[in-house]
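For reference, the structure is listed below as C-alpha cells.
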Amino acid sequence: MSTDRPWNKAIVIGGSYAGLVTARVLADFFHEVVLVERDAVDKDTGVHPGAPQGYHAHAMLAKGGEILERLFPGLREELREAGAPVFDYGEGIDFLLPVGLAPRHRTGVLIQTFTRDELERRLRRKVLALPQVTLLPSTQCMGLTRDLSGRVSGVTCRSQSTESTQSSQTSEPFELVADLVVDASGRSSSLTDWLGAAGITVPPKRTVKAKVTYTSMNFDRPQESHPGHPDYYVAYQMLFAPSVPRAGVLLAVERDRWTCSLFGFQDQPPTDDKGYLAFAETLNNPRLAEQIGRRTVQEPTRRYTNADNQWRLYHAVKGWPDRLIAVGDAVCVFNPVYGQGLTVAAMEAELLQRMLNRHRASGRLDGLGGAFQKKLGRLLLGPWTLSTNSDLMWTPDRQPLAARFAHWYNTRLFHVAVKDAAVWAKFVRVVNMVASPALLFHPLVALKVLTVTPRRRRRTLTRRRRTG
C-alpha cells in the first residue's frame, strides 16, 4: 500500500448526506470506498428517499459551510451560481427573537442558504466521480462480519430487486470484506441489534421528545433585480418555550425560490393552501405571511412530525469492536429546528479525517474505532445540550436545573442582544459553531446579562388567531 492511501477498502453503510461526506474523507486514505445503499439512488438523486425531513428547511451553519468548502473546494461558488445566496448572518436575516427583532448589523459570519435537495445532489455527484468510490445501490446491509480476534472484517449484504419484494427476499446474501466499516445508515440503523447479537451491550439511548410538527413548501421568490425584492434572505421567528409555540422560517434558495417551514408545538401547521397562509398570519414576524401570500408558483406541501432528539451512547460501550465506527443520525438525531444536523455531520467527518491522518504514519487502524466514538461523544455533547435544554422547557415536569438555568440565561441574553449589536454578534458566532459557548459567559457579556432589566413581554409576541 502507498503511504498516501495505506489501506485497501472501506465500506460506508448508507449514502445520504453523512455517508457522502464520510466517503469523501475516506477516499483520501483508502484505495476503495464502497457505499452500500439500500435505495435505488444514482448520481442525480437529490434528497435521499430515506430522509423524510429532507424537503423541509435546512440550515448549514457557518462552521459546516467552512468544512464542506475544504472537502469540496468550489462548492460554495457552484451553489451561488445556481442562485443560493451567500450573505452576512446579521445583515441578511430578519430575525424575531422572543423579546423583539435582532439587530440588522454586520457580524462577519457568512452563511449560504439552499435546499438539501440541491446540496445532496451536488455532493453525490462529486463523491461518485472520485475514482476510489463505488456505489452499490438497492443493496441491504444485513450485518457485520468479524475475524477471529473480534475485529470487524466486513459486512453481509443482499441485493434488493426493484421489481418485487419477493425477489428481494430470495436473493442470495454475499459478503464484502473491508479494513474499516462505517455505519452512516441514519436513524433506522440496525447497529445496536448487530452489536447485541455479538454479545456487546449498548446503553439505552437517550430520547428527548420535541413534539414539534413542521409543514413546508417551496415557492417562487422575486428576482433580485425585481423592484419588490425584499431586503432579507431569511425571515425567522423562533420557537421558545412556553411563550412562542408557533414559529417559522423563510429561506431564499436556489432557482429564485423560497423554502418556508412553519413549526408548531403540539400544533400541526396545515397542509392546505388557505390554512397554511392563515397559520403564517398568526406569527409575529409578518415577512413569512407576506411572501406566502405573494406566491404564484408552488411545489407540494409536506409535513414532518418525527422531530425527537435521540442519542445512541456508543461512546460508552465497553469492548467496542475495532475497525468499526458510526456517524451521523446513526448515532445522534437532533430536533431540526436548531439547524445543527448537517453541520455536526460535517464536523464528524473532519474529526475522522484528523484521526486517520494520525494513524496514517503507522498504517494501523487498530484502536481507531473506540477512540473515534469517545471523541465523537465529546463533540456531540454541546449541540445535544443546546437542543435538548430548549426542548425540555416545553415539559413542566421534566426541567432539570441545567435546562432551567440555560433558559433563564438565554431569556436575559436576548433582552441584551436586541439592543446591543456586539452581544448579538457573539451569539451569532456561537450559534454557528465558530465560537465556543463560553463566549456568552465572558465577564463583559455576563455582567450585561445579569444586570439587564427585562421588559415585560408584549402580548403581541404571543398572539394566536383562531383559524378554521
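For the range 1-130, averaging the sequence separation of C-alpha pairs within contact (under 8 Å, six or more residues apart) and dividing by the residue count gives a relative contact order of 28 percent. Beyond 20 Å in Cα-Cα separation lie the following of the pairs K209/K318; K211/K375; K63/K426; K205/K375; K63/K209; K126/K375: K209/K318; K211/K375; K63/K209; K126/K375. Per residue, the average separation of C-alpha pairs within less than 8 Å and at least 6 apart gives the chain a relative contact order of 20 percent.
Pick the calculated P(r) over Cα pairs in 10 Å bins from 0, in percent for this structure from (i) 4, 15, 19, 18, 16, 13, 10, 4, 1; (ii) 4, 19, 29, 25, 15, 6, 1, 0; (iii) 4, 16, 17, 12, 7, 6, 6, 7, 8, 8, 5, 2, 1, 0? Label (ii) holds the value from this structure.
Lys and Arg at +1, Asp and Glu at -1: add these up for the other residues within a Cβ distance under 14 Å of R124 and post the number. Every neighbour counted, the sum reads -1.
With equal scatterers on the alpha carbons only and no solvent term, can you work out the Debye log10 of I(q)/I(0) for the range 400-462 at 0.12, 0.13, 0.19, 0.23 1/Å? Relative scattering, expressed as log10 I(q)/I(0), comes to -0.31, -0.36, -0.75, -1.03. Going from the residue with the fewest nearby Cβ atoms within 10 Å to the one with the most, L130, L35 rank L130, L35.
In what order do M60, M355, M217 fall by count of nearby beta-carbon atoms within 10 Å, going from fewest to most?
On the way: M60 25, M355 17, M217 22.
So the residues, fewest neighbours to most, are M355, M217, M60.
Charges were assigned to the Cβ only: +1 to each Lys and Arg, -1 to each Asp and Glu. The resulting dipole of the range 400-462 about its Cα centre is roughly 380 debye.
Of all DSSP beta bridges in the chain, what percent run antiparallel (nearest 5)?
Working: 47 of 68 bridges.
If I count the DSSP bridges inside the chain, around 70 percent turn out antiparallel.
Since only F263, A241, L130 are under comparison, the one whose Cα sits farthest along the positive direction of the charge dipole of the chain, derived from C-beta charges on Lys, Arg, Asp and Glu, is A241. Note on the range 1-152: percent of Cα-Cα distances in each 5 Å bin, starting at 0 and stopping at the bin with the largest distance, equals 2, 8, 15, 18, 16, 13, 10, 7, 5, 3, 2, 1, 0.
Given the DSSP H assignment, sum -39500 (n - 2.57) over each helix run of at least 4 residues in the chain and divide by its residue total; what's the result at 222 nm in deg cm²/dmol, nearest 500?
Calculated mean residue ellipticity at 222 nm is -10000 deg cm²/dmol.
In terms of other Cβ atoms within 10 Å, T451, T271, T259, T192 run from fewest to most in the order T451, T271, T192, T259. Using Cβ point charges alone (K and R +1, D and E -1), the dipole size of the chain about the Cα centre works out to roughly 2060 debye.
The numbers here are math on the coordinates, done by the rules we state, and not lab data. Just so it is clear, the structure is predicted and the values come from calculations on it, not from any experiment. Every residue, glycine as well, gets a Cβ built from its backbone with ideal geometry; the counts of neighbours run over all protein chains shown.
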